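Structure record follows, encoded as structure tokens.
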Amino acid sequence: MKRVLIVLFILLVSLSFIGAAQVGQPKVLYAYGKIGAGTLAFTTNQIQTSSTTIDLKNNADVQPSGDGVLIGTWNLDGTNQAAEADYKVTYSYGPLSDGSSDIDFELIALGEDDGSDVVKATNGTSLFTANAGNVAIVQEIAVRLTAAGVTAVASAPATDDYSSIITLTLETQ
Amino acid sequence: MIKKRVLLLVFLLFSLTFLFGGVNLSTLELVGSILPKSLVDISQIVGGSPQDAIPLDSGDILFSESGNGVKVGTWAVSSNSNAVLSLYISYGPFEDDSILVPYTVYNGSNWVDSEAKFIDLIPNELGVYSAEDNNGPIYIKRVDNNSYPPSNNYKTTISFTLESP
């Protein structure tokens, strides 16, 4: 028993020399940091303009069997979003018109469904989730004629004035 | 009887002391000591309050920026200890409501992990440590490009400890 105590004592003394000795009390610095308020912007980027009108009769991509003609994108850009959030974009549009003749078309969200294109009728929607933190979502939008649109084109007067307004509305879910 | 003899002897000795004045020597010994004393001084430059919080999502603190990050304070150590001294650092990530924003610390020469030696102190010619010889900056810099929720209340604690190996 006595030997054990002696060995224990020697071990304790040895260990006290191995470890570094703290000198005085620690000094502490408390620092505050900040992450700025988040921003969120929903914008469109128009590729097709009045100077680059689509040839509704001869452009193969704009025909019902075509891939569609890219007319632009919508973008959701955010910074410092506090939490993941669900959003809905609603598409609203009428036919191409010069004021007297209407030409039906359909809107396509390119690659929306895991790379597959999805047709959006008017009042159709896209649902998506934005992560917390920074957000940068881009959705390409294309258009092509419907079968009725092709029929209308066949008998429509020749003019560059066929136009339509596509309204996109972003809502939180 | 013995008591009387002892008293007589003391009297004789006492008398002899005066008879031969200046022959005896007596000394006083003075012993002085200086206790070791060390002072670690930490001065904060920014981030001392939520109102003065350090921007974590812009400026030099960003991982993507070149440079040493943001200077949050300075350190200085003075000590009359004759032991070998080093300054150690301990820190955790900025935290707010379980959101953690990690960062690292720069001492002006090297990047220093938490629970590591921040710097070795330099004694002067007298073998003690002066604040003039032992001081420097404290920089912090983020270690990722991740985004985090907005808040002015991310908080971190940086602790400095003087140690002798």
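FYI, it's all coordinate maths here, none of it is from the lab. Computed from a predicted structure; not experimentally measured. All Cβ positions, glycine included, derive from the backbone under ideal geometry; neighbour counts span all protein chains shown.
What the table shows:
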| item | result |
| --- | --- |
| Distance (nanometres) between label positions extended 7 Å along Cα→Cβ at residue B:29 and residue A:97 | 11.6 nm |
| Relative contact order [Cα under 8 Å, 6+ residues apart], the stretch A:82-173, whole percent | 48 percent |
| Potential lengthening between residue A:90 and residue A:43 on full extension [0.36 nm per residue; Cα-Cα distance subtracted] | 15.6 nm |
| Pairs of alpha carbons in the protein assembly as shown whose separation is greater than 31 Å (percent) | 64 percent |
| Of A:153, A:130, A:74, farthest towards positive along the dipole that unit charges on Lys, Arg, Asp, Glu beta carbons give the protein assembly as shown | A:130 |
| Coarse-grained scattering of chain A at q = 0.09, 0.18 Å⁻¹, given as base-10 log I(q)/I(0) from a Debye sum over alpha-carbon atoms | -0.48, -1.13 |
| Helical contribution to [θ] at 222 nm, DSSP H n ≥ 4, -39,500 (n - 2.57), averaged over chain A, rounded to 500 | -5000 deg cm²/dmol |
| Spin-label model distance (nm) - residue B:133 vs residue B:52, 7 Å beyond Cα toward Cβ | 3.2 nm |
| Order of B:28, A:127, A:168 under a 10 Å beta carbon neighbour criterion, fewest first | B:28, A:127, A:168 |
| Stretchable slack from residue A:122 to residue A:138, in nm (0.36 nm times residue separation minus alpha-carbon distance) | 3.8 nm |
| Estimated dipole of the protein assembly as shown in Debye, rounded to 20 [Cβ of Lys and Arg +1, of Asp and Glu -1, Cα centre] | 3660 debye |
| Dimensionless Rg ratio for the stretch A:69-156, taking C-alpha atoms and the 2.2 N^0.38 Å reference | 1.34 |
| Chain A: angle of helix A:2-18 to the longest principal axis, Cα-based, in degrees nearest 10 | 50 degrees |
| Sorted by Cβ neighbour density within 10 Å, fewest at the top, the residues B:106, A:30, B:154, B:139 | A:30, B:106, B:139, B:154 |
| Most positive-pole-ward Cα, B:86, A:41, A:95, against dipole of the protein assembly as shown from beta carbon charges | B:86 |
| Folded to 0 to 90 degrees: helix B:2-19 orientation relative to chain B principal axis, Cα | 80 degrees |
| All-pairs Cα distance distribution in the stretch A:117-173, expressed in whole percent, bin size 5 Å | 4, 10, 19, 22, 14, 11, 8, 6, 4, 2, 0 |
| Normalised contact order of chain A, rounded percent, pairs of Cα under 8 Å and 6 or more residues apart | 28 percent |
| The stretch B:70-85 residues near the modelled residue B:39 label - backbone nitrogen below 17 Å, point 7 Å along Cα→Cβ | B:74-82 |
| Positive-end extreme of charge dipole, chain B - chosen from B:40, B:157, B:30 (charges on Cβ) | B:30 |
| Distance between modelled label sites at residue B:146 and residue A:165, nm, 7 Å Cα→Cβ extension | 4.5 nm |
| Value of [θ]222 nm, deg cm²/dmol, for chain B, DSSP H segments ≥ 4, -39500 (n - 2.57) each, nearest 500 | -3500 deg cm²/dmol |
| Three-way shape label, chain B, alpha-carbon gyration tensor, a/c 1.5 | prolate |
